[in-house]
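Presented below is the structure to which this report refers.
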Amino acid sequence: MNPDTILQIVQKGFRVTLGATASLVETLQDPQRRDENLYRLRTELNQLAEEWAVKGEMTEQEARNFVDTILSQRAAQTDSDFPSPSTSSSSTATAAPPDVQLDLQELTAQIAAIRAELERLREQDSSS
């Protein structure tokens, strides 16, 4: 199998997971949307996977832009302050507030659960 193909599959899987997570959060916030999405999930799983991949790609790009902005701001601040290497490495470990870290951990757990569910569905489809 071509390494580029494997990378594309992994990247698409990541984007599907990210898009599904974003849709899940939106669904939890709106009961009417939840009913619509559950119906669509039953009838259009493959189409939803494609939509989630697109949504995940957009969300990934937004996250990259956000992180790049933060890193460039931090780099600009670091360049102006000239800190020693030991202080700059220790300060990056505690950059995110605890509530943000908790949110990230929860989202990571949700992504892992969605990945497991997608894998189970793929296995179920391939055995059928």
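The values are calculated or read from the model by the stated rules, or taken from the named source; none is laboratory data. Just so it is clear, the structure is predicted and the values come from calculations on it, not from any experiment. Quick reminder, even Gly has a Cβ in these numbers, built from the backbone with ideal geometry, and neighbours come from all protein chains shown.
Within segment 4-21, restricting attention to residues that are of a type in the set (V, I, T) and under 9 Å from the mean Cα position of the chain (by Cα), the residue that is farthest from E119 (Cα to Cα) is T21. Scanning segment 41-76 for residues being surrounded by 14 or more Cβ atoms within 10 Å (Cβ to Cβ) and basic (K, R) gives a total of 2. I'd like the full set of residues that are at pLDDT 80 or above and either closer than 24 Å to E62 by Cα or not in a helix (DSSP H, G or I) (or both), limited to segment 24-46. Those that are at pLDDT 80 or above and either closer than 24 Å to E62 by Cα or not in a helix (DSSP H, G or I) (or both): L24, V25, E26, L28, Q29, D30, R33.
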